[in-house]
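These notes are about the structure you will find just below.
The values are calculated or read from the model by the stated rules, or taken from the named source; none is laboratory data. All figures in this text were calculated on a predicted structure; none of them were measured in a lab. FYI the Cβ positions are ideal-geometry reconstructions off the backbone, even for glycines, and counts take in every protein chain you see.
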Amino acid sequence: MKSQAYFEKIHKHIENNLKSSKTSIRIAVAWFTDTKLFDILCEKAKEGIQVELLMANHEINHDSNIKYRDLINDGGQIFWIGKEGAYAPLMHNKFCVIDNTILIFGSYNWTQKAKSNHESITVIEEDYNLILDFNQEFDKIKDKYYNPNAEIDWIKIVIRLETLVNVIKLEDLEDINYQIDKTKSLIPKNHSDKKLDSLTIILNHCSKKEFSQAVVLIQKFTSEFKKISIYNDPEIPALQLEIRSLEYQISSLSDEKTDIEKNIRSFELKYNEELGGLITKILHYKKVVAEKIAKESIKDKQKQQEYEEAKFDYEDFSKSYNDKLNEPKPFVLDEEKQNELKKNYRKATKLCHPDKVTEDQKELATKIFTDLKNAYDNNNLEKVSQILKDLEKGIFKSQGETIDKKDKLKIIRENLIRKRNELEEKLLSIKNTDAFNKISNIKNWNNYFEETKEEFNKILEELEHETTV
């Protein structure tokens with residue numbers, strides 16, 4: 001499984017993934033008004049690739065410049081979801097599944113306006129369990145509006161079964177047969193839900209007039225079924241899936257933030273190592289020159305101030321330089337080991353990020369996550385790999401897998417959305433710093449430090465000459 005968050009050039013990353021498709025593209029979004037992305041879908045449909053687009057039946061889409069009929073003419077499918085604003089399933093879960101191997105989701109809207117917004121996407125490859133869940137969610141939304149017979153109304157089935165038990169107790173064979181037929185009518189044709197197997201066994205017992213066995217199985221079936229979320233509210237599985245996707249987004253964005261900060265820190269360490277000694281000498285000679293001038297101009301307050309500042313700069317940098325020299329250095333890894341470190345770290349963060357787990361696991365998850373991040377920052381491949389190995393034993397479970405109370409799920413979702421948005425803002429803030437922009441523009445660190453050394457040596461020579469005059 002591979003996971004990557006993007007907060008820059010998002011549109012280009014989506015384009016590239018869509019263009020790479022070989023067999024199928026499935027997109028579920030509330031708004032789709034991006035003409036360039038739509039043109040790619042049309043081209044892919046012409047190539048014979050299965051293209052399915054779910055979007056809101058809303059004026060935002062209908063009033064766009066896109067001719068949606070073109071996709072249908074090219075062999076694709078469009079499913080308009082909701083009537084009179086009832087398109088809630090698409091408002092939060094914006095996702096795309098490509099070739100059943102690539103999953104794209106995030107805060108990014110597939111609109112013309114979104115190109116200028118501060119949003120993000122997460123691209124996940126080869127997490128087949130998660131992709132299966134999103135495919136099922138896609139089918140569920142589509143079937144609700146376009147194939148209502150495929151929807152299983154479990155509430156009605158349970159009510160029918162409870163009624164069947166009552167008529168069996170009354171020994172009314174005519175009513176029994178009537179209830180059996182009514183129950184059968186609630187079962188969609190060609191449905192693969194395994195829970196229907198138990199229902200089929202119950203109805204077979206009834207058909208054979210084995211009513212005592214049927215009653216026992218009905219009571220067990222209804223008792224167990226009332227405990228699960230689908231009986232109470234079909235929205236719960238959608239909320240659980242959305243929470244899992246938000247957990248992935250937060251973890252991936254957090255990984256990006258960690259990598260950027262780590263890169264800045266690595267640059268600063270190398271800067272100190274390569275240039276710190278030279279800078280210390282330069283500041284020393286600047287102090288000497290300023291001191292000489294200050295002694296020659298005792299009454300000049302400006303010259304005295306300049307000397308004090310030069311003295312402070314030298315002492316402050318010297319202390320910082322020596323402190324950094326004494327700090328533990330990260331392990332030195334070759335490119336292959338660096339890639340392995342990054343891969344294992346990202347896998348591990350998906351399994352223990354504190355925002356992923358339930359409250360009772362949060363303290364332990366925070367400790368493990370902190371240890372993991374420290375090991376990653378120090379290039380400790382052995383420790384990162386060991387933590388990953390331990391986590392793969394299944395220490396933690398997603399909140400989307402363990403919580404089934406709708407109100408609580410909604411609160412968790414809102415908290416995760418807020419945290420994701422905060423992370424996006426932090427990443428944007430880091431991206432706008434001088435340090436980030438400076439480092440991003442350096443293509444080769446070794447060349448940069450060699451060239452900077454030459455410049456600093458020239459400055460040092462001039463200062464040395466000035467002090468000897």
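Test GLN338 against the criterion of being assigned to a helix (DSSP H, G or I), modelled with pLDDT under 95 and surrounded by 13 or more Cβ atoms within 10 Å (Cβ to Cβ), and give yes or no.
Values: assigned to a helix (DSSP H, G or I): yes; modelled with pLDDT under 95: no; surrounded by 13 or more Cβ atoms within 10 Å (Cβ to Cβ): yes.
Spelling it out, it is not the case that GLN338 is assigned to a helix (DSSP H, G or I), modelled with pLDDT under 95 and surrounded by 13 or more Cβ atoms within 10 Å (Cβ to Cβ).
Determine the pairs where a residue that is among the aliphatic types (A, V, I, L, M), located within region 298-312, has a partner that is surrounded by 14 or more Cβ atoms within 10 Å (Cβ to Cβ) and assigned to a helix (DSSP H, G or I) with Cβ atoms under 7 Å apart, the partner being 6 or more residues away or on another chain.
Here the result reads ALA310/LYS286; ALA310/LYS287; ALA310/ALA290, each pair linking region 298-312 to a residue that is surrounded by 14 or more Cβ atoms within 10 Å (Cβ to Cβ) and assigned to a helix (DSSP H, G or I).
May I ask you to list pairs of residues, at least six apart or on different chains, whose Cβ atoms are under 9 Å apart, with the first in region 3-17 being more than 18 Å from ARG420 (Cα to Cα) and surrounded by 12 or more Cβ atoms within 10 Å (Cβ to Cβ) and the second being of a type in the set (Gly, Ala, Ser) and modelled with pLDDT under 95?
HIS11/ALA114
Being at pLDDT below 95, in a strand (DSSP E or B) and of a type outside the set (A, V, I, L, M, F, W, C) is the filter here; which residues of region 1-44 pass it?
Selection gives LYS2, SER3, GLN4, TYR6.
Only one residue in ASN322, ASN344 is crowded, with 16+ Cβ neighbours inside 10 Å and either on the phi < 0 side of the Ramachandran plot or part of a helix (DSSP H, G or I) (or both), so which one is that? First the steps, then the outcome.
Numbers: ASN322 fails: crowded, with 16+ Cβ neighbours inside 10 Å.
Unique residue meeting the criteria: ASN344.
For region 443-469, enumerate the residues that are surrounded by 13 or more Cβ atoms within 10 Å (Cβ to Cβ) and without any contact (Cβ under 8 Å) to a residue 40 or more places away in the chain.
TYR448 - this is the single residue of region 443-469 that is surrounded by 13 or more Cβ atoms within 10 Å (Cβ to Cβ) and without any contact (Cβ under 8 Å) to a residue 40 or more places away in the chain.
Which ones in region 338-364 are farther than 22 Å from ASP127 by Cα and among the hydrophobic types (A, V, I, L, M, F, W, C)?
Listed by number, the list holds a single entry, LEU364.
Only residues in region 59-71 that are hydroxyl-bearing (Ser, Thr, Tyr) count as the first member; pair them with residues that are surrounded by 10 or more Cβ atoms within 10 Å (Cβ to Cβ), Cβ under 6 angstrom, at least 6 apart or cross-chain, and list the lot.
Every condition considered, the pairs that remain are SER64/THR33; TYR68/ILE78.
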